[in-house]
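Novice: Please find one structure pasted underneath; my questions will follow.
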Ligand code: ADP
Ligand code: ASP
Ligand code: MG
């Protein structure tokens, strides 16, 4: 069976009009052997994060934050499926489940509650999109990804139990495809052995698409986004970016590792392992070919720029002028890993270790407390990490001219700069 996976990201279903566009794309699918994966609508995940933050920091604001989520979806349903009481009934059940997530306190606290609440965004969106597609006559089965994607209890960044997940996907998805139904399910979410909700990390729906692709050994994965494909830089930040027609898995995994937001970094590995091509296409121009990410490509890449915000520059020094030796590095890395911080740049000198990591404000005090037991710690917040792959001196000049560079790191044809403000130029 030639199976395909289509993933529709948040922006492709952010409004009733966009859902209608997606329906046109789905109706154009020739093969019924397609799994559809949807994200939460628009910025719902951010709104749900606000609900969780209000719950912990300003309980008086929870209700208003919840209402924003509910109203947003009800308005879309009103436009797509006026008078459909069935879908409203199903949504009301999900809204109740959402509120339960807040009542359910456990020792894990924040991360646990976050997943119980935030996972609901995808359940809500998939319920609406399914109802609309069915109303349009599309033969479709809705499956709950929590019955398919099995994970550990590492809330907010859950790790996949591949064996169990593969077994559930074969048992529940394959028979539906054999019956000529399209299957629609949620990205980003899974569940623990105790049926608690988990999430796979922000922007994790691309990864979900890759998990289904791997387990079903599909022919091709297409992710539908608001950009023509993978570009040489984020088009929302830089002008005159170019689309890359083809990209190797290797280049894609490097780009996403350095923080290119167009794909979740975990997406590439399962696809590369099974040699499944990944197509990034625009739902705004569904006829255009997009970017094809494959194993072997014969291209000379132009400079590719990646900007990561909200970084911390952490400088650790041994307090007694002892050399920063292997054991110090191991200890420091262990502490950083224990608190869940990802190291983006690492550099050491005789007595210092400099790290650039993504900020995790709720976890930072714990990290600093432990580091300070062993090292003198200096920290600079709110820095940017700019990475240029296939770098070129002209691009570097344009990017960093007049900027205070706090750290520069070169390796092969990749250069990284840590700076405090964004380059204020348009790329030409
Ligand atoms: P989805 O709708 O699937 O969630 P995302 O919003 O996660 O899609 O990803 C698309 C966004 O990624 C674009 O709107 C763009 O601003 C951003 N982006 C960052 N870097 C790139 C890049 N190199 N090429 C294309 N888009 C990029
Ligand atoms: N809705 C989730 C997020 O916004 C997952 C995704 O869209 O990929 O992070
Ligand atoms: Mg996304």
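The values are calculated or read from the model by the stated rules, or taken from the named source; none is laboratory data. Given the structure is predicted, the values throughout are model-derived calculations rather than measurements. Neighbour counts run over all protein chains shown; Cβ positions are idealised from the backbone, glycine included.
Novice: Kindly list, by first and then second residue, each pair from a residue in segment 209-236 that is more than 16 Å from residue 252 (Cβ to Cβ) to a residue that is part of a helix (DSSP H, G or I), limited to pairs with Cβ atoms under 6 Å and residues at least 6 apart or on different chains.
Specialist: Listed pairs, sorted by first residue: 215/166; 215/169; 224/12; 226/11.
Novice: Shifting gears a bit: Residues of segment 80-97 being assigned to a helix (DSSP H, G or I), surrounded by 14 or more Cβ atoms within 10 Å (Cβ to Cβ) and more than 25 Å from the chain's Cα centre (by Cα), which ones?
Specialist: Start the filter on segment 80-97 by keeping residues that are assigned to a helix (DSSP H, G or I), which leaves 80, 85-97.
Right, trim to surrounded by 14 or more Cβ atoms within 10 Å (Cβ to Cβ) and you get 80, 87-88, 90-91, 94-95, 97.
Answer for segment 80-97, where residues must be assigned to a helix (DSSP H, G or I), surrounded by 14 or more Cβ atoms within 10 Å (Cβ to Cβ) and more than 25 Å from the chain's Cα centre (by Cα): 80, 87, 88, 90.
Novice: Restricting segment 135-151 to residues that are in contact (Cβ under 8 Å) with a residue 12 or more places away in the chain and in a loop (DSSP other than H, G, I, E, B), which is surrounded by the fewest Cβ atoms within 10 Å (Cβ to Cβ)?
Specialist: Of all residues in segment 135-151, those in contact (Cβ under 8 Å) with a residue 12 or more places away in the chain come to 135-136, 138-151.
Subset that is in a loop (DSSP other than H, G, I, E, B): 136, 138-139, 143-144, 148-149.
Details: 136: 14, 138: 18, 139: 12, 143: 19, 144: 15, 148: 26, 149: 28.
Only one residue tops the list, namely 139.
Novice: Answer yes or no as to whether residue 38 is touching a helix residue (DSSP H, G or I) at 6+ places or on another chain (Cβ under 9 Å) and closer than 25 Å to residue 172 by Cβ.
Specialist: When the stated conditions are applied, residue 38 passes them.
Novice: Let me ask you something else. Take the conditions buried (at least 20 other Cβ atoms within 10 Å of the Cβ), in a loop (DSSP other than H, G, I, E, B), in contact (Cβ under 8 Å) with a residue 12 or more places away in the chain and within 11 Å of ligand 1 (Cβ to nearest atom) and apply them to residue 247. Does it pass? Lay out the reasoning, then the answer.
Specialist: Working: buried (at least 20 other Cβ atoms within 10 Å of the Cβ): yes; in a loop (DSSP other than H, G, I, E, B): no; in contact (Cβ under 8 Å) with a residue 12 or more places away in the chain: yes; within 11 Å of ligand 1 (Cβ to nearest atom): yes.
Answer is no for this residue.
Novice: For segment 152-177, how many residues are outside any helix (DSSP H, G or I) and touching a helix residue (DSSP H, G or I) at 6+ places or on another chain (Cβ under 8 Å)?
Specialist: Adding up the residues that qualify gives 5.
Novice: So which of 201, 187 ends up being within 16 Å of ligand 1 (Cβ to nearest atom) and in contact with a strand residue (DSSP E or B) (Cβ under 6 Å, 6 or more places away or on another chain)?
Specialist: 187
Novice: Has segment 17-32 got at least one residue that is in a helix (DSSP H, G or I), over 23 Å from residue 141 (Cβ atoms), at pLDDT 95 or above and over 23 Å from the mean Cα position of the chain (by Cα)?
Specialist: Checked segment 17-32: at least one residue is in a helix (DSSP H, G or I), over 23 Å from residue 141 (Cβ atoms), at pLDDT 95 or above and over 23 Å from the mean Cα position of the chain (by Cα).
Novice: Restricting the search to segment 253-290, which residues are farther than 20 Å from residue 214 by Cβ and either more than 16 Å from ligand 2 (Cβ to nearest atom) or part of a strand (DSSP E or B) (or both)?
Specialist: Within segment 253-290, 254, 255, 258, 281, 282, 284, 285, 286, 287, 288, 289, 290 meet the criteria.
Novice: Right, something else. Do we have residue 223 as within 16 Å of ligand 3 (Cβ to nearest atom), crowded, with 23+ Cβ neighbours inside 10 Å, under 23 Å from residue 24 (Cα atoms) and at pLDDT 95 or above here?
Specialist: Considered against the rule, which asks whether it is within 16 Å of ligand 3 (Cβ to nearest atom), crowded, with 23+ Cβ neighbours inside 10 Å, under 23 Å from residue 24 (Cα atoms) and at pLDDT 95 or above, residue 223 comes out as yes.
Novice: So residue 154 ticks every box in (1) at pLDDT 95 or above; (2) surrounded by fewer than 22 Cβ atoms within 10 Å (Cβ to Cβ); (3) under 20 Å from residue 211 (Cα atoms) but one. Which box is left unticked?
Specialist: Every listed condition holds for residue 154 apart from (1).
Novice: Taking the options 293, 306, name whichever one is assigned to a strand (DSSP E or B), touching a strand residue (DSSP E or B) at 6+ places or on another chain (Cβ under 9 Å) and over 24 Å from residue 2 (Cβ atoms).
Specialist: Step by step, each of 293, 306 is checked, and only 306 is assigned to a strand (DSSP E or B), touching a strand residue (DSSP E or B) at 6+ places or on another chain (Cβ under 9 Å) and over 24 Å from residue 2 (Cβ atoms).
Novice: Kindly establish whether residue 132 is more than 16 Å from ligand 1 (Cβ to nearest atom), touching a residue at least 24 places away in the same chain (Cβ under 8 Å) and either more than 19 Å from residue 29 (Cα to Cα) or in a strand (DSSP E or B) (or both).
Specialist: Working: more than 16 Å from ligand 1 (Cβ to nearest atom): yes; touching a residue at least 24 places away in the same chain (Cβ under 8 Å): yes; either more than 19 Å from residue 29 (Cα to Cα) or in a strand (DSSP E or B) (or both): no.
In short, no.
Yes or no, residue by residue, for (1) surrounded by 15 or more Cβ atoms within 10 Å (Cβ to Cβ); (2) at pLDDT 90 or above; (3) touching a helix residue (DSSP H, G or I) at 6+ places or on another chain (Cβ under 7 Å):
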position: 354; (1), (2), (3): yes, yes, no
position: 358; (1), (2), (3): yes, yes, no
position: 366; (1), (2), (3): no, yes, no
position: 381; (1), (2), (3): no, yes, no
position: 385; (1), (2), (3): yes, yes, no
position: 403; (1), (2), (3): yes, no, no
position: 414; (1), (2), (3): yes, yes, no
position: 424; (1), (2), (3): no, no, no
